[in-house]
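The values are calculated or read from the model by the stated rules, or taken from the named source; none is laboratory data. Every value quoted in this text rests on a predicted model; they were computed, and no experiment measured them. Neighbour counts run over all protein chains shown; Cβ positions are idealised from the backbone, glycine included.
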Amino acid sequence: MQPQDTQDSLKKIIPQGSRTFTVTERDCPKHGLTDFKMLAGPFDTEIKACILCQAENEKAEVERVRIEKQIKRNADQADINKRLDNAMIAPRFADKTLDNYETTTEGQRKALASAKWLLTNLDSGTPGLILLGNNGTGKNHLASAIVREAVTQHGKTALITEVRKIDRAIK
């Protein structure tokens, strides 16, 4: 590598406006290139720079950050899955959402609007929702959809239950 090429390469890794000067020169034991030890920046930060080592270190740091983010995403997803499991959503309602809830009556349209309102206002301390109606009107579908969204989109913990189960637990 020619001296001018080295200086041009170093300009890419040294912050602009930094005063730099060579303190020592030696060959990089890994790559055999000239390794510069410099002072740079407003606080005279010491930098050891073999251009190839610097690039490898930056690539390793990018990979480390990517892995840390993936680990966090996996942990977050595991937490969501645990809260969904604990929410007591019946298996046949596991894929139910507000989007696939079909409304054929005015009561169902009102129930869907109430569910959407609840989720929109969930973070402002909304107390909850009681769903009442005849068999087959979509109460469990709506409850499952509400719980799924509350857990996955709002980070909440929720539970689907029935009044008789609450009554038994109190007695």
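Overview of results
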read-out	value
Hey, T24 at pLDDT below 90 and of a type in the set (S, T, Y) or not	yes
So L159, is it under 31 Å from the mean Cα position of the chain (by Cα), in a loop (DSSP other than H, G, I, E, B) and more than 18 Å from K110 (Cβ to Cβ)	yes
Pair list, Cβ under 6 Å, 6 or more apart: segment 103-132 residue under 20 Å from E162 (Cα atoms), other residue surrounded by 11 or more Cβ atoms within 10 Å (Cβ to Cβ) and of a type in the set (V, I, T)	L112/T103; A115/I146; L118/T126
Selected residue [touching a helix residue (DSSP H, G or I) at 6+ places or on another chain (Cβ under 8 Å) and over 21 Å from D76 (Cβ atoms)] from L159, L132	L132
Qualifying positions in segment 51-75 - of a type in the set (K, R) and more than 17 Å from the chain's Cα centre (by Cα)	K59
Meets criteria (in a helix (DSSP H, G or I) and over 20 Å from N81 (Cβ atoms)) for R168	yes
